[in-house]
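Let me begin by presenting the structure, written as structure tokens, before commenting on it.
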Amino acid sequence: MSEECATHLPSASHINAHLIDLLNLDRTQLREFLAQRGEPAYRAAQIERWIYRELATDFDAMTNLSAELRAWLRENARIGAPPVLNEIISADALTRKALLQLDDAQTIETVLMLYNDAPNRDESPTRLYRRKTVCISTQVGCPIKCPFCATGQAGYIRNLTPGEIVAQVLHYARIDAPLTNVVIMGMGEPFMKFDVTWQAIETLTDPKRFALSARRITVSTSGEIPGIERMAHKRLQINLAISLHAPDDALRDVLVPLNRKYPIKDLLGAIRKYIEKTRRRVTFEYALMDNVNDKPAQARALAQMLKGMLCHVNLIPLNPTAQSPYGRTPYARVKEFQTVLQKAGIATTLRVEKGIEIAAGCGQLRQSVRREKP
Ligand code: SAH
Ligand code: SF4
């Protein structure tokens with residue numbers, strides 16, 4: 001995308017704006033920052049441990065640093081921890097979504113989803129969940145403007161910084177550690193500023209930082225081909241998901257407008273190369289919209305298109321937004337669509353719907369709060 005986004009710290013009215021957010025610094029930058037004060041490299045490792053393992057937000061907690069260094073850090077730096085403006089929790093308490101406020105007063109959504117897929121339902125609700133997934137945003141709004149998506153409907157403001165991306169994971173890690181998975185499927189197109197997203201991923205997977213296995217991270221793109229090509233050459237084994245949503249260009253041009261720039265043929269070509277290079281299975285996301293993209297003929301076209309590819313299709317019944325022109329496909333037809341794919345030998349999953357009652361579709365909490373404002 002040609003659009004210029006801020007990768008630097010946003011100009012902020014916040015009182016802490018002059019302080020360096022340590023979450024924005026990679027290891028080399030952190031060492032350089034501390035070297036200004038003559039601190040040795042191992043000091044960076046100590047601080048990383050406090051931030052990413054002990055989840056500290058306050059330099060005073062860093063008891064193995066001298067009082068002078070802690071005072072210097074307080075004067076010059078901070079550990080980004082965006083305050084919660086609003087939070088909704090589903091009735092079953094398995095999904096919670098926070099609206100976090102950034103330094104320039106913009107807001108983003110971050111979701112925590114607990115998957116208690118253990119068979120024993122009698123166990124105490126406080127037992128450990130098998131999967132604790134955080135869904136994070138990469139932009140304030142989104143320039144792709146998919147018409148069925150609340151984030152797209154709200155327009156685009158700016159890219160997040162690496163620190164603002166990582167801060168979302170740390171937020172829920174502080175509340176409910178240990179997290180098991182991260183999905184980059186919140187607001188925004190993560191490959192629009194590839195380097196920013198990738199720096200955040202490196203911090204999350206760095207064994208001396210957040211130390212999450214790369215295999216437990218999934219990044220979802222609307223089809224930004226240069227990002228897919230760059231990811232193919234990365235060492236980290238992050239999972240790739242592609243928001244497909246349509247089996248032909250005419251429909252995808254409408255549902256995912258980035259298709260006008262990167263049409264299906266080119267997109268599939270880039271994905272085939274990615275699979276060849278990485279030998280990793282790709283997920284195609286397909287949100288089923290009533291009488292739009294859910295007909296059996298469309299399922300057949302989709303199956304034909306994906307035949308022989310190392311992939312699987314994740315079917316998601318649409319979560320209609322307040323301004324959405326589209327409705328959700330009824331369950332019986334979702335199953336019908338799935339059967340066509342399965343019979344053609346395409347692996348499918350039906351996304352377990354989380355937190356529909358708390359408007360879990362990306363951008364919906366932010367949209368509702370904006371609407372309530374005078
Ligand atoms: N922008 C990226 C990642 C964030 S969106 C992308 O589009 O891939 C994450 C997924 O949620 C995408 O597949 C997106 O198409 C889907 N999505 C967005 N709004 C939705 C809605 N209202 N109902 C169902 N899925 C939705
Ligand atoms: Fe952006 Fe993804 Fe929403 Fe499309 S679905 S508008 S790419 S966040």
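The values are calculated or read from the model by the stated rules, or taken from the named source; none is laboratory data. All values derive from a computational prediction rather than experimental measurement. Cβ placement follows ideal geometry from the backbone for every residue including glycine, while neighbour counts extend to all protein chains displayed.
Assess whether residue 110 counts as being crowded, with 16+ Cβ neighbours inside 10 Å, among the hydroxyl-bearing types (Ser, Thr, Tyr), closer than 30 Å to residue 33 by Cα and at pLDDT 95 or above. Spelling it out, residue 110 is indeed crowded, with 16+ Cβ neighbours inside 10 Å, among the hydroxyl-bearing types (Ser, Thr, Tyr), closer than 30 Å to residue 33 by Cα and at pLDDT 95 or above. Please indicate, with yes or no, whether at least one residue in the stretch 143-151 is surrounded by fewer than 20 Cβ atoms within 10 Å (Cβ to Cβ), among the hydrophobic types (A, V, I, L, M, F, W, C) and at pLDDT 95 or above. No, the stretch 143-151 has no match at all.
I'd like the full set of residues that are within 14 Å of ligand 2 (Cβ to nearest atom), more than 21 Å from the chain's Cα centre (by Cα) and buried (at least 19 other Cβ atoms within 10 Å of the Cβ), limited to the stretch 240-261. Residues satisfying the conditions are 246, 252. Remark: pairs (first residue in the stretch 326-351, assigned by TED's automatic domain parsing to the domain that holds residue 281; second residue of a type in the set (Ser, Thr, Tyr); Cβ separation under 7 Å; 6+ apart in sequence or on different chains) = 338/348; 341/348; 342/348. Listed by first and then second residue, the pairs linking a residue in the stretch 22-34 that is farther than 15 Å from residue 46 by Cα to a residue that is crowded, with 22+ Cβ neighbours inside 10 Å, with Cβ atoms under 7 Å apart and 6 or more places separating them unless they lie on different chains, are 24/161; 24/162; 24/163.
Taking each residue of the stretch 301-325 that is over 18 Å from residue 290 (Cβ atoms) and looking for partners that are crowded, with 16+ Cβ neighbours inside 10 Å and among the charged types (D, E, K, R) with beta-carbon atoms closer than 7 Å, six or more apart or interchain, yields 314/285.
Picking from residues in the stretch 166-182 that are touching a strand residue (DSSP E or B) at 6+ places or on another chain (Cβ under 9 Å) and over 14 Å from residue 213 (Cβ atoms), the one that is farthest from ligand 2 (Cβ to nearest atom) is 177. If the condition is being among the hydrophobic types (A, V, I, L, M, F, W, C), over 30 Å from residue 105 (Cβ atoms) and at pLDDT below 65, then the stretch 328-374 contributes only 352.
Whether any residue in the stretch 199-210 is touching a Cys at 6+ places or on another chain (Cβ under 6 Å) and more than 20 Å from residue 228 (Cβ to Cβ) is what I want to check. So far as the stretch 199-210 goes, no, none of its residues is touching a Cys at 6+ places or on another chain (Cβ under 6 Å) and more than 20 Å from residue 228 (Cβ to Cβ). Taking the stretch 285-334 as the range and being away from ligand 2 (no atom under 15 Å from the Cβ) and either polar (S, T, N, Q) or at positive phi (or both) as the test, the residues that pass are 291, 298, 304, 308, 329. Would you confirm whether or not the stretch 84-99 contains a residue that is modelled with pLDDT of 95 or more, within 21 Å of the chain's Cα centre (by Cα) and outside any strand (DSSP E or B)? No, because not a single residue in the stretch 84-99 is modelled with pLDDT of 95 or more, within 21 Å of the chain's Cα centre (by Cα) and outside any strand (DSSP E or B). Would the stretch 83-93 turn up any residue that is outside the structural domain of residue 56 (by TED's automatic domain parsing) and surrounded by 21 or more Cβ atoms within 10 Å (Cβ to Cβ)? So far as the stretch 83-93 goes, no, none of its residues is outside the structural domain of residue 56 (by TED's automatic domain parsing) and surrounded by 21 or more Cβ atoms within 10 Å (Cβ to Cβ).
Residue check: is residue 294 closer than 29 Å to residue 153 by Cα, within 16 Å of ligand 1 (Cβ to nearest atom), touching a residue at least 24 places away in the same chain (Cβ under 8 Å) and among the acidic types (Asp, Glu)? Against the criterion (closer than 29 Å to residue 153 by Cα, within 16 Å of ligand 1 (Cβ to nearest atom), touching a residue at least 24 places away in the same chain (Cβ under 8 Å) and among the acidic types (Asp, Glu)), residue 294 qualifies. When residue 163 is tested against (1) within 16 Å of ligand 2 (Cβ to nearest atom); (2) under 14 Å from the mean Cα position of the chain (by Cα); (3) not hydroxyl-bearing (Ser, Thr, Tyr), only condition (1) is not met.
Mind listing whichever residues of the stretch 45-74 are crowded, with 18+ Cβ neighbours inside 10 Å and in contact with a Phe, Trp or Tyr (Cβ under 8 Å, 6 or more places away or on another chain)? Within the stretch 45-74, 52, 56, 62, 65, 73 qualify. Among the residues of the stretch 136-160, those identified as in a strand (DSSP E or B) and either of a type in the set (Asp, Glu) or near ligand 2 (Cβ under 9 Å from one of its atoms) (or both) are 139, 141, 156.
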